[in-house]
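This report refers to the structure that appears directly beneath it.
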Amino acid sequence: SSITDAKDEL
Amino acid sequence: MNIFRLAGDMTHLLSILVLLLKIYATKSCSGVSRKTQELYAIVFLARYLDLFTDFISVYNTFMKIVFIASSLAIVWCIRVHPMVKRSYDKDLDTFRHYLLVAASFLLALFLHEKFTFLEIFWAFSIYLEAVAILPQLVLLQRSGNVDNLTGQYVFFLGAYRGLYILNWIYRYLTEPRFTRWIACVSGVVQTALYADFFYYYFISWKNNSKLKLPA
């Protein structure tokens, strides 16, 4: 996955 | 999900519950900055636009909805609820918060991960969250005396930010590709804003006295 696509934090 | 992240989310949730409890139990929002609460509502609405496009986990979706709903409920109480509204002192809450919104949005237009609608609103929400506590801190400083629940609300919010920094350090050490400069730098700035408050919070806790902020 790229840097940007994992917005897993709230 | 590591223990720091979970603890951070829980203290964040706890801070909101404390604030709702204070407003509900005392039917008053004295000492609470409506402007900070409105900024948080904007922060959550702007950041969680991805509710419609990305699915991370049931936990994430659930928490996002809780944060949006609770922030809107708090703003609603202060603006609309007849008894709560009466206790709102707008002469103490004079911070020009729209400047924070404008500055954060401008910064997001220049500093973002990708030039897309969602990414710009995400970056905007990160910058705005970093400074959203300012009207609240200024209000507490101006009113001097801080009631227990409002003090605890700000304390838990600050604890949430501190725990998120520990979470990033943990992730940086354990995830080889963890680089999230916008969130981390903004997060550190945000946490630093609480330093002064924490200093006086611990002094009052140590002396077992009421929290007072110097003018």
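No lab work stands behind these numbers, since they all come straight from the coordinates. If you're wondering where the values come from, they're calculated on a predicted model, not measured in any experiment. Glycine also receives a Cβ, built like all others from the backbone with ideal geometry; neighbour counts cover every protein chain displayed.
Could you tell me the distance between the Cα centroids of the range B:20-34 and the range B:74-137, to the nearest Å?
19
Under a GNM of chain B (C-alpha, springs under 10 Å), which listed residue has the highest mean-square fluctuation: B:P135, B:P82, B:P176?
Comparing B:P135, B:P82, B:P176 in a Gaussian network model of chain B, the most mobile one is B:P176.
Using a Gaussian network model on chain B with a 10 Å cutoff between Cα atoms, which of B:N167, B:N60, B:N145 fluctuates the most?
Maximum fluctuation in the GNM of chain B, among the listed residues, is at B:N60.
Answer rounded, prolate or oblate for the range B:89-215, using the Cα gyration tensor with square roots of eigenvalues a ≥ b ≥ c: rounded when a/c is under 1.5, else prolate when a/b is larger than b/c, else oblate.
Oblate, since a/c reaches 1.5 and b/c is not below a/b.
State whether the protein assembly as shown is rounded, prolate or oblate according to the following rule on the C-alpha gyration tensor (a ≥ b ≥ c being the square roots of its eigenvalues): a/c under 1.5 gives rounded; otherwise a/b larger than b/c gives prolate, and the remaining case gives oblate.
Note, shape of the protein assembly as shown comes out prolate.
Apply the a/c threshold of 1.5 to the C-alpha gyration tensor of chain B and tell me whether it is rounded, prolate or oblate.
Note, shape of chain B comes out prolate.
To test your reading of the geometry: what angle, between 0 and 90 degrees and rounded to tens, separates the Cα axis of helix B:134-143 from the longest principal axis of chain B?
With rounding to tens, the tilt is 10 degrees.
Calculate one ³J(HN,Hα) per residue across the range B:88-104 by plugging θ = phi - 60° into the Karplus curve 6.51 cos²θ - 1.76 cosθ + 1.60, and present them in order as whole Hz with x for glycine and proline.
For the range B:88-104, the Karplus-derived couplings read 7, 9, 6, 6, 8, 9, 9, 4, 7, 6, 5, 5, 5, 4, 5, 5, 5 Hz, x marking Gly and Pro.
In debye, nearest 20: dipole of the range B:1-159 around its Cα centre with unit charges on the Cβ of K, R (+) and D, E (-)?
480
Taking the Cα atoms only, what angle lies between the long axis of helix B:195-206 and the longest principal axis of chain B, rounded to 10 degrees?
Helix B:195-206 and the main axis of chain B meet at about 50 degrees.
What does the charge add up to near B:T191, with Lys and Arg as +1, Asp and Glu as -1, over the other residues with Cβ less than 13 Å from its Cβ?
-1
Figure the gain on full extension for B:L109 and B:V66 (residue separation times 0.36 nm, minus the Cα-Cα span) and round it to one decimal in nm.
Going from the current span to full extension adds 12.7 nm.
Have a look at B:R47, B:R171, B:R34 and tell me which one the Gaussian network model of chain B (Cα, springs below 10 Å) gives the largest fluctuation.
Of B:R47, B:R171, B:R34, the Gaussian network model singles out B:R171 as fluctuating most.
Within straight cross-link reach of B:K35, meaning Cα distance under 14 Å, which aspartates and glutamates are found once same-chain residues fewer than 8 apart are removed?
Within the straight-line cut-off, B:K35 pairs with B:D89, B:D91, B:D93, B:E129.
Averaging sequence separations of C-alpha pairs under 8 Å and six or more residues apart, then dividing by the length of chain B, give the relative contact order as a whole percent.
Value for chain B: 31 percent.
Which angle from 0 to 90°, rounded to the nearest 10, does the C-alpha axis of helix B:3-26 make with the longest principal axis of chain B?
Result, in degrees: 30.
Please find the FRET efficiency linking B:I203 to B:Y59, where r is the Cβ-Cβ separation and R0 is fixed at 45 Å, and quote it to the nearest 0.05.
Efficiency for this residue pair is about 0.80.
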